[in-house]
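Structure record follows, encoded as structure tokens.
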Amino acid sequence: MKYFNTAGPVNCKDHYCLPPLSRFNLSEILGLISQKKYFVLHAPRQSGKTSCLLALENYLNASGSYKSLYINVEAAQVARNNVEKGIFAIINEIQRRIELSGYDDDSQRIVKDLCDPTLSLSALNSALTRLAEFSPLPLVLLIDEIDALVGDTLISVLRQIRSGYDTRPDHFPSTVILCGVRDVRDYRIHSDTEQMIITGGSAFNVKAESLRLGNFSEEEVRTLCLEHTKETGQVFTAEALNAIWNLTSGQPWLVNALAYETCFKLEHGKNLDLPITDSMVEQAEDNLIIRRETHLDQLADKLKEERVRRV
Ligand SMILES: Nc1ncnc2c1ncn2[C@@H]1O[C@H](COP(=O)(O)OP(=O)(O)OP(=O)(O)O)[C@@H](O)[C@H]1O
Ligand SMILES: [Mg+2]
């Protein structure tokens, strides 16, 4: 039975979901990819970035026109300014994802020696070169959690990507999408080795476009809730749907958390013969607040930041 997902990216087989690819302007993204652009996709925490990237990876691989690989560079966060450690963590992630995504044996073989220890400062560049050269189709690399990288590691990743740009698509990924919370162009990165501030824009000036993922619209909130009605027959009153919209403003994680609490945790909510009412939604809201769910604190912390307050 499907449910409202509140942990990690959505999987439309198991979770109620809005088709992730309908959440951004797919034709614009495909246009940028066909122009072999490198670009940034940024959106707030818990807004569906990873869900969208994974869906895009599947879509591109199924298209027969591209080979796409999703990687998450969060593991390199602990390396901080240790460039060598950070780059190796990223190459490990590339190898792991290739194995997971069922590439054939030949590809598995080439990734085994993706990492040449003599090349530490250009190891990522050479790994991506080998991957692109091996791929019979243009390679689209989706890099998630780019914000997790800091300092010299981030600078090195951006530079190694930039230095391969002019050899794409035969010898380097045709498209690289960087995904994170902020626009890499706004970054001011402190380099320990160079003892200066480097801006993200100068280290990665081949980005074409920034695309933003917003909150769900009122219509989308309704559509998501009605997935539950379709699955179980349990109805929402109009007031309940309004309450979910009013209490969440469509923030994707919050919508799911509130709907999950209402339909799957409240005793009345679990009784599929009873309609979901606005008072149940309000009770569920109280429960979430009392439990101080993780992401609530994160979202509240964001509100305290000066630049967010101004908005
Ligand atoms: N297409 C969707 N349909 C329904 N719910 C969604 C969808 N996309 C995201 N969500 C909700 O948002 C939550 C976060 O999704 P996801 O992990 O993809 O976001 P994220 O922006 O990558 O988060 P983070 O900033 O933590 O990396 C999910 O747990 C789910 O509750
Ligand atoms: Mg994510």
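The values are calculated or read from the model by the stated rules, or taken from the named source; none is laboratory data. These figures come from a predicted structure and were not determined experimentally. As a convention, Cβ positions derive from the backbone with ideal geometry for all residues, glycine included, and neighbour counts pool all protein chains shown.
Each residue in the range 228-245 was checked for being over 14 Å from Thr262 (Cβ atoms) and either assigned to a helix (DSSP H, G or I) or among the β-branched types (Val, Ile, Thr) (or both), and 3 of them qualify. Taking the range 53-91 as the range and being surrounded by 18 or more Cβ atoms within 10 Å (Cβ to Cβ), away from ligand 2 (no atom under 16 Å from the Cβ) and charged (D, E, K, R) as the test, only Lys67 passes. Being touching a strand residue (DSSP E or B) at 6+ places or on another chain (Cβ under 8 Å), modelled with pLDDT of 90 or more and more than 7 Å from ligand 1 (Cβ to nearest atom) is the filter here; which residues of the range 16-36 pass it? Ile29, Leu32, Ile33, Gln35, Lys36 - these are the residues of the range 16-36 that are touching a strand residue (DSSP E or B) at 6+ places or on another chain (Cβ under 8 Å), modelled with pLDDT of 90 or more and more than 7 Å from ligand 1 (Cβ to nearest atom). Taken over the range 178-192, the criterion of being at pLDDT 75 or above and part of a strand (DSSP E or B) is satisfied by Leu178, Cys179, Gly180, Ile189, His190, Ser191.
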